[in-house]
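Here is the structure we will look at, set down as structure tokens.
No value in this document is a laboratory result; all are computed from the given coordinates. All values derive from a computational prediction rather than experimental measurement. Virtual Cβ from ideal backbone geometry, glycine too; neighbours counted across all protein chains shown.
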Amino acid sequence: MQTATHNARPLQRPVIPVIVQQHAEESALLRHVRSVLVRAPHVGLLQLGRLDERLAAHLDGLAVAGEYGNRLCVAGLERPGCGEVFALAVRALESRDEALLEHALALAQPLPDAARGVASALGWVWAADLQGVVRRLLASTEPVRRALGFAACRLHQVDPGRVLQDGLAAEQPVVRAAALRAAGELGRLDLLEPVRQSMAHEHPEVVFQAAVAACLLGDRQASLGVLADAALQATPQGERALVLFMTAANNEMANALARGFSKRAQDQPEDKLRRRRLVRALGLLGDARFVPWLIERMAVPELARLSGEAFCWITGADLARMDLETLQAPPLPQHPSDDPNDDDVSLDEDGDLPWPDAAKVQAWWAGQTAMHAATSAGQRLFEGEAPSAAAAQRVLREGTQRRRARAALLACVEQPGLQLFQIAARTRRQQRALGLPIRVM
């Protein structure tokens, strides 16, 4: 389906309120869905592209509705979630409506969800829609707006120049953290030393972003220490830290962290987080000697799907495509449960992963002589081959989103100074960057 362009002129005939209302509601909802799919283990560029076309079509519907569409976006801010602010900010940027943009930015200061919505809109729109806007954000005296300016630069992979170095010295943690993230993802090797210095900052988010940026820029000393510590913590940063650490660390350091998880899992077998981190760490380590252990874990219902994913990270296998999954999933406790006294209402982390058939997986693995030879040589594997920039590019073109995220990090680790590929960018922008044909859904 070919969608309208975002700068389509508003209709001259009366709008149909119920249709425009649907455009507004779906724009906010699909923005939320997209935030899940861009990190999903079962979604590739094709599926993400289909959602992007749907989202673009609803945003175009708001554009065609003109002022009425804008009013509905403002009305949606009675409950200003990330999606509602995203729709409003996209309309403001595409229509060059300063008052509407100011409305969205005013919400970003007190509401983190609103700030994420504005940042998402800045990344969604085309570069032409940001002319003059990013410059004003970077020159703002309000920390959140300045941080949004740095976010826009990294999302569009545009180097802001000298202003980025100034951001690394900012007193406000939100500004410095945003500048650090931009410096790392934009490959600013010339800023490695001030990035390293920020690891001594007192604010934890600044320290974490400094460690990530320093690692992407080639540091293999202090940054890995910070990332290793973060990987042990039960925080959202812990998962991100684990992936980057295991990708960048040498064999000795990576094995040491994996052993740490193993010891904690043995000492506290009820510690679900540590058990899961151990499985992830072994998959990220890429040491095929642990494949038999992972296959054994596929018989443990709580770890089966996660172990299957770790197995695929090492071998490059696709359980569903290669008929290595089972359709007879073992029973698990309902999650979230119907118990009103159960405070855990989070969704099943592994809900989108296939259930591996351990017997089929074992039989397939027995025939992989080339990978067995790599095991004997002590070689680490990434998706079935030696870690390399070429392997990363292959996965960026063909893999699912979670695997692509890991591949983007590997590409930077292999070539410090390379800009981090934005796997959450609009699909057409990604296809163009990868030299893939632009597909119209």
## Note on the structure
Short to long, in 10 Å steps from zero, the percent of alpha-carbon pairs of segment 61-114 per bin is 28, 60, 12, 0
### Task
Using only Cα positions of segment 102-168, each an equal point scatterer, no hydration layer, compute I(q)/I(0) via Debye at q = 0.12, 0.13, 0.21, 0.24 Å⁻¹ and quote the log10 values to two decimals.
-0.26, -0.31, -0.83, -1.08
### Query
Helix 204-216 versus the longest principal axis of the chain: what is the Cα-based angle in degrees, 0 to 90, to the nearest 10?
70
### Query
Under the Karplus relation 6.51 cos²θ - 1.76 cosθ + 1.60, θ = phi - 60°, what is the ordered set of whole-Hz ³J(HN,Hα) values for segment 278-290, x standing for Gly and Pro?
4, 4, 4, 4, 5, x, 6, 4, x, 8, 5, 4, 8
### Task
Putting +1 on Lys and Arg Cβ atoms and -1 on Asp and Glu Cβ atoms, find which of L285, A104, V133 reaches farthest to the positive end of the dipole of the chain.
V133
## Note on the structure
With only helices counted (DSSP H, runs n ≥ 4, each -39500 (n - 2.57)), the per-residue ellipticity at 222 nm for the chain, to the nearest 500, works out to -19000 deg cm²/dmol
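Above 12 angstrom, tally the Cα pairs of segment 91-139 and express them as a % of all pairs, no decimals.
Taking all Cα-Cα pairs of segment 91-139, the fraction more than 12 Å apart is 63 percent.
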### Query
Given segment 163-287, what whole percent of its Cα pairs are spread farther than 23 Å?
33
### Task
Please report the orientation-averaged projected area of segment 100-212, defined via the convex hull of its C-alpha atoms, in nm².
6.6
### Query
So which residue, out of L216, L29, L148, gets the largest mean-square fluctuation from a GNM of the chain using Cα contacts under 10 Å as springs?
L29
### Query
Per residue and in cubic angstrom, what volume does the convex hull of the Cα atoms of the chain have?
165
### Message
Taking only the Cα atoms of segment 196-241, how large is their convex hull per residue, in Å³?
### Response
60
### Message
Cα atoms only: what Rg and Dmax, in Å, come out for segment 1-133?
### Response
14.1, 45
## Note on the structure
If amide H atoms are modeled at 1.01 Å from N in the peptide plane, then the residues at a separation of 5 or more from D287, or on another chain, having amide H under 5 Å from its own are L381
### With 5 Å bins from 0: P(r) over segment 360-441, alpha-carbon pairs, percent
3, 13, 20, 19, 17, 11, 8, 7, 1, 0
